[in-house]
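Undergrad: Submitted below is the structure of interest, expressed as structure tokens.
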Amino acid sequence: MSDKASIKSGPDHIGIIMDGNGRWAQSQGLSRIKGHQQGVETCRRVIEACQELDIHYLTLYAFSAENWKRPETEVNALMELLELFLMRETDTLIKHGIKLHAIGRIHELPAKPRAALEQAMEATSHFKDWHLVLALNYSSRNEIVDATRAIVKKTIKGKLYPEDIEWEDIKGKLYTDGLPDPDLIVRTSGENRLSNFLLMQSAYAEFYFTPTCWPDFTKAHLQEAIDSYHSRERRFGRTGEQLDRETSLSR
Ligand code: IPE
Ligand code: IPE
Ligand code: MG
């Protein structure tokens, strides 16, 4: 390993756009719902793999605000799977000390999965080291709308002057307030787009796209994504030479 690679750390936060459940199922003559069921198994596997690989934050894009447009039977099946997952996995989260968070317009979820979600978040709220974030009814654009509404309310009350608004004020009103930005965004199934996922938070994230569909995604695939991440130089606007100098000074 080169000096540069050996001192590189992270990623600490991985966001995953879990895509391709439907195509995975259909390619084998199965219903799309079977693909989602298999996708839940991958979630379990990847949550476990993240702890083994020392990734402290994992955000899973589970249901977008746009996914309501799918056939009602598929939406209902996804909501039932969510509820089942939460009921079955809460004990595992507790056993592994993982705090559950949710981002998105959670109040618009159907009552049963919402109650299961709130229960699971409550039961894991005291954990500090490991974090699982579920993006549910999530849309980056809705997130900005909601943040803007909150900021405008503050300005109307005279608590914040428009000319004083900074990124930190907006960041503090995003659903992800308190969570670090993702270092790496992974999307499965060969699609090369973000589909409204963490647009603001991924301003400086690295991206990794794999043709593997989500039900087939394993710890080895996650390791490949992490290896790719380590091969990159994150410059955050600076030059490579500046980074080299800082690296040698910090040693
Ligand atoms: C991802 O798989 C799961 C959700 C979006 C809920 P898809 O259901 O999008 O699978 P494809 O993209 O149709 O194959
Ligand atoms: C993005 O996948 C949403 C989730 C993974 C939950 P989609 O399958 O809904 O995205 P598009 O429609 O192909 O962009
Ligand atoms: Mg899809």
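The values are calculated or read from the model by the stated rules, or taken from the named source; none is laboratory data. In this text, all values refer to a predicted model and were calculated from it rather than measured experimentally. Counting neighbours? That spans all protein chains shown, and the Cβs are built from the backbone with ideal geometry, glycine included.
Undergrad: Hey, can you tell me all the residues within segment 61-84 that are of a type in the set (Phe, Trp, Tyr) and either buried (at least 20 other Cβ atoms within 10 Å of the Cβ) or within 16 Å of the chain's Cα centre (by Cα) (or both)?
TA: Result: Tyr61, Phe63.
Undergrad: Considering only residues that are of a type in the set (Lys, Arg) and either at pLDDT 95 or above or within 11 Å of ligand 1 (Cβ to nearest atom) (or both), which ones fall in segment 1-36?
TA: Arg23, Arg32, Lys34
Undergrad: Does Trp167 fit the bill of being of a type in the set (Phe, Trp, Tyr) and more than 17 Å from the chain's Cα centre (by Cα)?
TA: So Trp167 passes the test.
Undergrad: Mind checking which residues of segment 194-203 are within 16 Å of ligand 3 (Cβ to nearest atom) and either surrounded by fewer than 20 Cβ atoms within 10 Å (Cβ to Cβ) or aliphatic (A, V, I, L, M) (or both)?
TA: Of everything in segment 194-203, those that are within 16 Å of ligand 3 (Cβ to nearest atom) and either surrounded by fewer than 20 Cβ atoms within 10 Å (Cβ to Cβ) or aliphatic (A, V, I, L, M) (or both) turn out to be Leu194, Ser195, Asn196.
Undergrad: Taking segment 78-95, which residues are more than 12 Å from Pro113 (Cβ to Cβ) and not hydroxyl-bearing (Ser, Thr, Tyr)?
TA: Arg88, Glu89, Asp91, Leu93, Ile94, Lys95, listed by residue number.
Undergrad: Does Gly39 fit the bill of being closer than 25 Å to His13 by Cα, surrounded by 15 or more Cβ atoms within 10 Å (Cβ to Cβ), within 16 Å of ligand 1 (Cβ to nearest atom) and not hydroxyl-bearing (Ser, Thr, Tyr)?
TA: Spelling it out, Gly39 is indeed closer than 25 Å to His13 by Cα, surrounded by 15 or more Cβ atoms within 10 Å (Cβ to Cβ), within 16 Å of ligand 1 (Cβ to nearest atom) and not hydroxyl-bearing (Ser, Thr, Tyr).
Undergrad: May I pose another question? Any chance segment 108-122 includes a residue that's touching a residue at least 40 places away in the same chain (Cβ under 8 Å), surrounded by fewer than 21 Cβ atoms within 10 Å (Cβ to Cβ) and either farther than 19 Å from Leu179 by Cα or more than 16 Å from ligand 3 (Cβ to nearest atom) (or both)?
TA: No, that holds for no residue.
Undergrad: Can I ask one more? Of the residues Arg193, Arg234, which is among the basic types (Lys, Arg), assigned to a loop (DSSP other than H, G, I, E, B) and at pLDDT 95 or above?
TA: After ruling out the rest, the residue left standing is Arg193.
Undergrad: Another one. Just checking, which of Glu206, Glu163, Glu224 is loosely packed, with under 12 Cβ neighbours inside 10 Å and away from ligand 1 (no atom under 16 Å from the Cβ)?
TA: Residue meeting the stated conditions: Glu163.
Undergrad: To continue, here is another question. For segment 176-197, what are the residues that are in contact (Cβ under 8 Å) with a residue 60 or more places away in the chain and either more than 24 Å from Asp216 (Cα to Cα) or more than 15 Å from the chain's Cα centre (by Cα) (or both)?
TA: Correct list: Thr176, Leu179, Pro180, Asp181, Ser189, Gly190, Glu191.
Undergrad: Does at least one position in segment 158-175 carry a residue that is in contact (Cβ under 8 Å) with a residue 12 or more places away in the chain and within 18 Å of Tyr61 (Cβ to Cβ)?
TA: yes
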